[in-house]
Amino acid sequence: MTTKQFLDMACSHAGISQAELARRMGLSPSNLNQKIKRDSLTLDEWKKAAEAAEGMLIFQIQFNDGTVLK
């Protein structure tokens, strides 16, 4: 899934536009659009996007031996 597809789904679920998501993240809509095109959102920006869509980002790495880093 691409960054655009993922954010589009989040916006749809939250009932907001991508422009509104950008504003809630403290970005201009064009700045967010450029980050999406370059696939260059930072982990902090992903967290802000999740919170802007009234959700939360859950990040973890799970290894084959069952170890999980959160």
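Miscellaneous remarks
- Scanning region 33-58 for residues that are part of a helix (DSSP H, G or I), within 10 Å of the chain's Cα centre (by Cα) and not small (Gly, Ala, Ser) yields Ile36, Leu43, Asp44, Glu45, Trp46, Lys47, Lys48, Glu51.
- Residue within region 28-40 that is touching a Pro at 6+ places or on another chain (Cβ under 8 Å), of a type in the set (S, T, N, Q), surrounded by 12 or more Cβ atoms within 10 Å (Cβ to Cβ) and without any contact (Cβ under 8 Å) to a residue 24 or more places away in the chain present: no
The numbers here are math on the coordinates, done by the rules we state, and not lab data. Bear in mind that the values here come from a model prediction, so they are computed numbers and not experimental data. For neighbour counting, all protein chains shown are included, and Cβ atoms are generated from backbone atoms with ideal geometry for every residue, glycine included.
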